[in-house]
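What follows is a set of notes on a single structure, which appears directly below.
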């Protein structure tokens, strides 16, 4: 399976990183008071962004499960790549183990959500 629109996939992949990143700065004070709540809010934000951007990517056709899975893994890779300079060399420096357990693993929501949502959409009967 291939992505039908690489340009759109890459542009939306950048937004899949940027939108939660900006949102995290806005709600960061919550992390100081309640880290678990912050992590839950961020997971919900990632799922919301995934839904919003997937709708945009598949705007002119029904999603196919294989393409949605590939798109999700592309967005996962984009997010990890864009985070790399900030969390391994930049001002928010942390070890790889700490990064992947606290932040990086959350990006697995992209392929999980996109694959699951497209699978559900494919199983739904089409209505006129």
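We did not get these values from a lab; they are worked out from the coordinates using the rules stated. Computed from a prediction, not measured in an experiment: that's the story for all the values here. Virtual Cβ from ideal backbone geometry, glycine too; neighbours counted across all protein chains shown.
Between the beta carbons of residue 31 and residue 120, assuming R0 = 41 Å, the FRET efficiency works out to 0.80 to the nearest 0.05. Over the chain, all Cα pairs binned in 10 Å intervals from 0 give whole-percent P(r) values of 12, 42, 30, 13, 3, 0, listed from short to long. The calculated FRET efficiency for the pair residue 89 and residue 62, based on their C-beta separation and a Förster distance of 30 Å, comes to about 0.10.
With Cα atoms defining each centre, the range 77-97 and the range 34-68 are spaced 21 Å apart in the structure. When shorter helices are ignored and each DSSP H run of at least 4 residues is given -39500 (n - 2.57), the per-residue value for the chain at 222 nm works out to -26000 deg cm²/dmol.
Here's the picture: a label point sits 7 Å out from the Cα of residue 2 along the beta-carbon direction, and within the range 70-90 the residues with their amide nitrogen under 19 Å of it are 70-75. According to the calculation over all Cα-Cα pairs in the range 1-62, the P(r) per 5 Å bin from zero is 4, 17, 23, 19, 13, 10, 7, 5, 2 %. Each semi-axis of the equivalent ellipsoid for the range 44-103 is √(5λ) with λ an eigenvalue of the Cα gyration tensor; in descending order they amount to 29, 11, 10 Å. Working from label points 7 Å from Cα in the Cα-to-Cβ sense, the residue 14 to residue 47 distance is 2.9 nm.
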